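Below: the structure, in structure tokens.
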Amino acid sequence: MARALLFAACVLLLPIPAWAADTINVYTAWPESLSQPIFKAYTAKTGVPINFIRLSTGELVARATAEKNNPRADVIWGAPGDGFAAAKAAGIIEPYKAAGWGKIAHELKDPEGYYTAVSKNTLLFMSNAKLLKEKGLKPPTSWNDLLDPAYKGQIQTADARTSGTALTRILSIYYAFGKDEEKAFDYQKKLHANVQVYTKSGGGCTIPAAMGQAMVCIAHMPDAMEAKKKGYDMLTTFPREGVAAVIEGVALVKGAKNREAATKFIDWTFTKDMQDLLDKNEVYMLPTLPEGSVNAAVQALMKEAKLLPVDLEWVGKNRKRLVDRWINEVIKE
Amino acid sequence: MSPAPAPVSSPRAALRDPVLAPVVVLLWAAVALFVLYPVTRLLALMFWDDGPTLAAVVELVGSWQHRRALWNSLALAGLVGAAGTALGFAFALLAVRANLPRWVGTVLDTIVLLPLISPPFTAAIALIFALGPRGLISYHVFGIAGLNIYGLGGTLLSETLTYFPIAYLTLKGVLANIDPTLEDGGFSLGARRWRVFRTITVPLAVPGIANSFLLLTAASLADFATPLILGGTKFPVLPTQAFLQITGLYDMRGGAALSFLLLVPALAVFVAQRWWTERRSVITVTGKAGAATRVRSLSPGAVAALVLVCALTVLLVLTFYLLIVFASMVRALGADNSFSSAHYAHVFSGGLKAIRDTLVIAAVCMPVGGLFAVVLGYVVARTRFPGRRALEFAAMINYALPGTIVGIAYLVAFNDPPLALTGTAFILVICYVFRYSLAGTRATTALLAQVDPSIEEASASLGARRDVTFRRIVLPLIRPALLAGMTVLFIRAMTAISATIFLVSLSWSLVTVRILEGITNLELGQASAFSVMVILLVYAAVVLSSLIMRRLNAGSLGQAGTLLGG
């Protein structure tokens with residue numbers, strides 16, 4: 001009995017199995033279905049195994065911050081830009097300019113190289129076709145369409161305190177209203193009257209909208225495309241005033257234990273080889289490398305979209321203020 | 001404070017006790033290392049930012065949403081405590097006092113356990129699909145469109161349905177321990193049923209009622225998953241605010257401050273419960289045999305009312321879970337309702353490791369945590385060891401704090417050498433043991449409150465050492481509590497997520513993390529299939545442990561040993 005207990009204790013205390021010399025530990029906010037095939041492709045190509053944990057962006061940053069003195073991850077790969085802005089402020093990532101860094105457009109990377117965009121993302125309106133038909137409505141094609149009383153209690157979208165999608169929405173509205181913050185918040189207060197609930201995760205409204213619990217869901221493009229792929233009868237539209245183009249990035253963790261292997265992996269991120277995988281694996285985002293191939297479905301969708309470039313530096317400085325304002329002016333009753 | 005029921009020794013004698021003293025030292029050491037130390041690290045983080053700071057507290061007091069969250073949390077917890085205890089009491093009465101056929105009890109136990117053993121988020125999401133604007137029950141059965149379930153109503157309903165089984169399990173054990181001959185005494189003195197119920201049954205059940213109220217209130221105060229999905233922005237509560245502060249606003253300091261604010265009501269509930277249960281003697285297990293009599297404390301009308309309430313609850317719960325089973329067996333719920341085994345195929349290929357890891361961790365948690373719980377409960381209820389209250393108090397801190405905070409505190413405390421436990425399974429086990437043993441401790445103190453200490457005194461006066469008395473007298477008497485404690489631990493280890501999301505590692509994964517992943521990843525089918533697997537596994541374990549217990553327990557405590565059915 002005692003021996004069995006001792007053995008059990010040893011097994012439990014066993015740390016992460018002795019690291020192969022070249023192993024990369026990754027924290028990602030992308031769903032496993034999207035991230036794992038990409039990591040596997042790298043392992044297949046180089047023989048370097050990648051261990052990863054999937055966490056929501058906020059959890060990821062909180063976890064990496066708590067581990068700051070003894071980092072467990074080498075790379076943060078696939079998380080929205082606001083998460084990286086927070087990670088930079090928390091001092092948990094360090095600058096690294098990958099081999100292909102120069103080719104990435106200015107608005108898609110941190111000027112000091114703390115983080116760089118893996119892909120470009122945006123949001124759209126996803127409407128339940130059946131419910132729209134019941135009410136004789138056309139899918140919304142303008143931010144102002146959403147203020148129609150017919151949508152009262154029928155819109156779900158993300159909570160700005162938890163979700164990068166919500167920040168994309170706030171930014172989209174800000175840029176769509178010509179960077180007039182007063183107008184933008186005035187609009188959001190009106191929109192609030194039609195919102196059924198603010199979900200905690202960005203994609204949280206997708207299934208409710210697909211199941212008819214809400215008519216419209218304002219969400220990121222990949223969520224909408226996944227829902228359509230699954231067979232839900234959803235209509236995707238863009239507001240004609242435009243939507244903000246946001247980034248999904250990659251960064252090197254400060255004090256990474258497998259620094260060299262990690263930087264090689266980041267280099268690979270900005271090769272055509274990896275950027276084409278976004279298309280092949282149906283990630284439904286736009287590549288950031290100019291020569292990366294674009295998924296046909298995304299390309300078709302993008303024809304209707306007016307992408308508004310985002311000033312990363314301005315967002316980094318104003319994010320907290322925008323969210324606070326949203327809390328204190330939009331949702332306060 | 002009035003003395004505990006005739007403790008066996010004085011404080012001075014307790015200190016010299018050769019068995020008790022080392023045990024208490026060990027308990028204190030464990031609690032200090034795995035509860036107080038991480039919490040202290042977090043407090044340091046909160047009040048230290050290159051120098052002492054009160055910024056977090058200042059911000060806390062100034063924010064309207066945090067103030068509202070505090071009141072909402074208190075109101076919700078009180079309501080859940082009351083509603084859940086009432087519902088649990090109804091189920092317990094029906095199970096042990098209504099003379100229903102045995103199989104009804106078994107069926108009740110089986111279904112009632114469902115909400116308790118399902119992973120978080122699952123119940124809340126099932127509630128949306130059952131009672132939402134286009135819900136199965138609300139819209140398709142009753143034709144009500146546009147029902148708003150986000151806010152207090154939905155959160156209260158979901159939490160009550162999730163937590164009332166705790167009340168049921170606690171109260172069933174307590175009611176079963178009340179000797180029906182006491183009620184018979186009332187009847188033969190000419191009292192009517194209501195009077196007997198009011199003056200005998202209910203007062204004897206008070207420790208159980210107070211316990212279950214405490215457990216439910218505390219569970220609701222700490223629950224973040226349900227309000228996260230159902231609270232919306234209209235009904236902020238503290239645990240979700242703390243979570244949002246950390247993961248949404250990247251403000252660990254503010255989140256920690258909010259969490260410590262939560263400790264205040266949690267500890268108040270704890271003190272109130274203490275005061276309430278110690279005021280009266282509720283000893284019913286005296287070693288003197290009571291005659292087996294037919295229970296007749298409920299009128300046929302009362303039984304019918306109870307059956308109605310319980311049947312409706314069971315029906316609602318069943319609907320939720322049939323929805324989940326259905327979602328796990330179709331291609332894509334709502335879009336393509338044709339049968340598909342793809343989700344289970346995924347569970348048995350890619351998901352197998354997570355299931356195995358979770359089982360290993362749960363299996364280790366059960367004996368460790370169960371023993372910790374009953375020993376702690378015994379020390380608190382039956383000895384006069386100085387500082388035992390403080391010990392009990394300290395041991396419940398991890399339970400009262402929101403999981404997010406416990407997870408982060410553990411990460412901060414145990415990431416660096418010499419205590420670099422992150423990345424091992426050990427940290428997960430420790431987290432569960434010190435977070436979820438409270439149920440076992442509570443069950444132990446509640447049961448011991450019903451057991452006359454003279455039984456132990458007899459053993460002691462016959463010369464048995466304290467450990468012998470504990471093993472041969474106390475342990476058999478509190479087996480139901482041990483069983484309940486271990487079962488709750490297993491259930492939590494299989495279903496908890498809020499703390500462990502920060503502690504899972506590359507080599508140790510958990511099923512609940514896969515479920516959360518499925519939900520955030522629009523893989524409703526996969527999430528449902530994992531949920532069904534968790535529920536089946538927990539059922540299997542519950543049945544098994546109750547069978548083993550019954551064997552061990554043969555004849556010793558009668559039906560009280562069958563806390564979990566059968």
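Can you find even one residue in region A:229-242 that is in a loop (DSSP other than H, G, I, E, B), of a type in the set (Ser, Thr, Tyr), more than 14 Å from chain B (Cβ to nearest Cβ) and over 30 Å from residue A:68 (Cβ atoms)? First the steps, then the outcome.
Initial filter on region A:229-242 (in a loop (DSSP other than H, G, I, E, B)): A:230-233, A:238-242.
From what is left, the residues that are of a type in the set (Ser, Thr, Tyr) are A:232.
Restricting the remaining residues to those that are more than 14 Å from chain B (Cβ to nearest Cβ) gives none.
There is no residue in region A:229-242 that is in a loop (DSSP other than H, G, I, E, B), of a type in the set (Ser, Thr, Tyr), more than 14 Å from chain B (Cβ to nearest Cβ) and over 30 Å from residue A:68 (Cβ atoms).
Of the residues that sit in region B:173-208 and are over 20 Å from residue B:452 (Cα atoms) and in contact (Cβ under 8 Å) with a residue 24 or more places away in the chain, which one is farthest from the chain's Cα centre (by Cα)?
Once the filter is applied, the top-ranked residue is B:187.
Determine, yes or no, whether residue A:186 is within 30 Å of residue B:152 (Cα to Cα), within 12 Å of chain B (Cβ to nearest Cβ) and acidic (Asp, Glu).
no
Being surrounded by fewer than 22 Cβ atoms within 10 Å (Cβ to Cβ) and hydrophobic (A, V, I, L, M, F, W, C) is the filter here; which residues of region A:61-107 pass it?
A:89, A:90, A:99, A:101, A:104, A:105, listed by residue number.
When residues of region B:198-210 are filtered for being surrounded by 21 or more Cβ atoms within 10 Å (Cβ to Cβ) and at pLDDT 80 or above, how many remain?
Of region B:198-210, the ones surrounded by 21 or more Cβ atoms within 10 Å (Cβ to Cβ) are B:204-205, B:207-210.
With at pLDDT 80 or above added as a condition, the list becomes B:204-205, B:208-210.
Of the residues in region B:198-210, 5 are surrounded by 21 or more Cβ atoms within 10 Å (Cβ to Cβ) and at pLDDT 80 or above.
When you go through B:302, B:354 one by one, which is the residue that is touching a Lys or Arg at 6+ places or on another chain (Cβ under 9 Å) and under 25 Å from residue B:111 (Cα atoms)?
Answer to the selection: B:302.
Listed here are the residues, each with its yes/no results for (1) closer than 17 Å to residue B:119 by Cβ; (2) buried (at least 24 other Cβ atoms within 10 Å of the Cβ).
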site: B:475; (1), (2): no, no
site: B:481; (1), (2): no, yes
site: B:485; (1), (2): no, yes
site: B:493; (1), (2): yes, yes
site: B:513; (1), (2): yes, no
site: B:527; (1), (2): yes, yes
site: B:541; (1), (2): yes, no
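Name the helices (runs of 4 or more DSSP H) wholly within region A:253-333 that hold at least 1 residues that are within 14 Å of chain B (Cβ to nearest Cβ)?
Qualifying helices (runs of 4 or more DSSP H): A:312-325.
Is it the case that residue B:119 is part of a loop (DSSP other than H, G, I, E, B), crowded, with 20+ Cβ neighbours inside 10 Å and within 26 Å of the chain's Cα centre (by Cα)?
yes
Is it the case that residue B:132 is facing chain A (nearest Cβ under 10 Å) and either under 21 Å from the mean Cα position of the chain (by Cα) or surrounded by fewer than 24 Cβ atoms within 10 Å (Cβ to Cβ) (or both)?
Spelling it out, it is not the case that residue B:132 is facing chain A (nearest Cβ under 10 Å) and either under 21 Å from the mean Cα position of the chain (by Cα) or surrounded by fewer than 24 Cβ atoms within 10 Å (Cβ to Cβ) (or both).
Checking residue A:218 against (1) assigned to a strand (DSSP E or B); (2) facing chain B (nearest Cβ under 7 Å): exactly one of these is not met. Which one?
Checking residue A:218 against (1) assigned to a strand (DSSP E or B); (2) facing chain B (nearest Cβ under 7 Å), the one that fails is (2).
Return yes or no: is residue B:426 surrounded by fewer than 22 Cβ atoms within 10 Å (Cβ to Cβ), of a type in the set (Phe, Trp, Tyr) and free of Cβ contacts under 8 Å to residues at least 12 places away in the same chain?
yes
Hey, among the residues in region B:327-343 that are in contact (Cβ under 8 Å) with a residue 60 or more places away in the chain and surrounded by fewer than 19 Cβ atoms within 10 Å (Cβ to Cβ), which one's nearest to the other protein chains (Cβ to nearest Cβ)?
Checked region B:327-343; the qualifying residue nearest to the other protein chains (Cβ to nearest Cβ) is B:331.
Please work out which one of (1) outside any helix (DSSP H, G or I); (2) touching a Phe, Trp or Tyr at 6+ places or on another chain (Cβ under 9 Å) is the condition residue B:417 fails and give its number.
Unmet condition: (2).
Quick check: is even one residue across region A:108-120 closer than 23 Å to residue A:225 by Cα and among the basic types (Lys, Arg)?
Within region A:108-120 (the criterion being closer than 23 Å to residue A:225 by Cα and among the basic types (Lys, Arg)), the answer is yes, since at least one residue qualifies.
Is it fair to say residue A:321 is in contact with a helix residue (DSSP H, G or I) (Cβ under 9 Å, 6 or more places away or on another chain) and either more than 19 Å from residue A:249 (Cα to Cα) or surrounded by fewer than 17 Cβ atoms within 10 Å (Cβ to Cβ) (or both)?
No; evaluated as a whole, the condition is false for this residue.
Do any residues in region A:229-256 that are under 23 Å from residue A:104 (Cα atoms) have Cβ atoms under 9 Å from those of residues that are crowded, with 24+ Cβ neighbours inside 10 Å and among the acidic types (Asp, Glu), where the two are at least six apart or on different chains, and which pairs are they?
Cβ pairs passing all conditions: A:246/A:82; A:252/A:74; A:253/A:74.
Is it fair to say residue A:277 is touching a strand residue (DSSP E or B) at 6+ places or on another chain (Cβ under 6 Å), on the phi < 0 side of the Ramachandran plot and in the same structural domain as residue A:117 (by TED's automatic domain parsing)?
No: the conditions fail for residue A:277.
Check residue A:43 against each of (1) touching a Pro at 6+ places or on another chain (Cβ under 7 Å); (2) closer than 25 Å to residue A:169 by Cα; (3) at pLDDT 90 or above and name the one condition it does not meet.
(2)
Among the numbered conditions (1) in the same structural domain as residue A:176 (by TED's automatic domain parsing); (2) surrounded by fewer than 19 Cβ atoms within 10 Å (Cβ to Cβ); (3) modelled with pLDDT of 95 or more, tell me where residue A:231 comes up short.
Result: residue A:231 fails condition (3) only.
Pick out the one residue from A:206, A:269 that is among the polar types (S, T, N, Q), buried (at least 21 other Cβ atoms within 10 Å of the Cβ) and not assigned by TED's automatic domain parsing to the domain that holds residue A:51. Steps first, please.
Values: A:269 fails: not assigned by TED's automatic domain parsing to the domain that holds residue A:51.
The conditions single out A:206.
Of everything in region A:204-262, what is among the small types (Gly, Ala, Ser), closer than 28 Å to residue A:148 by Cβ and within 20 Å of the chain's Cα centre (by Cα)? Give them in sequence order.
Selection gives A:204, A:209, A:219, A:224, A:227, A:242, A:244, A:245.
Between a residue in region A:120-147 that is farther than 27 Å from residue A:248 by Cβ and not assigned by TED's automatic domain parsing to the domain that holds residue A:82 and any residue that is in a strand (DSSP E or B) and among the hydrophobic types (A, V, I, L, M, F, W, C), which pairs come within a Cβ distance under 6 Å, given they are 6 or more apart or on different chains?
Final answer for the pair search is A:129/A:235.
Within region B:236-256, which residues are assigned to a loop (DSSP other than H, G, I, E, B) and within 10 Å of chain A (Cβ to nearest Cβ)? Before you say what the answer is, go through the steps one by one.
Applying the first criterion (assigned to a loop (DSSP other than H, G, I, E, B)) to region B:236-256 yields B:236-237, B:248-251.
Selection gives B:236, B:248, B:249, B:250, B:251.
Among (1) touching a Leu at 6+ places or on another chain (Cβ under 9 Å); (2) in contact (Cβ under 8 Å) with a residue 12 or more places away in the chain, where does residue A:289 come up short?
(1)
Identify the single condition in (1) surrounded by fewer than 20 Cβ atoms within 10 Å (Cβ to Cβ); (2) touching a helix residue (DSSP H, G or I) at 6+ places or on another chain (Cβ under 8 Å); (3) at pLDDT 80 or above that residue B:283 does not satisfy, given that it satisfies every other one.
(3)
The values are calculated or read from the model by the stated rules, or taken from the named source; none is laboratory data. Please read these numbers as outputs of a predicted model, since none were measured by experiment. So basically every Cβ, Gly included, is an ideal-geometry build from the backbone, and we count neighbours across all protein chains shown.
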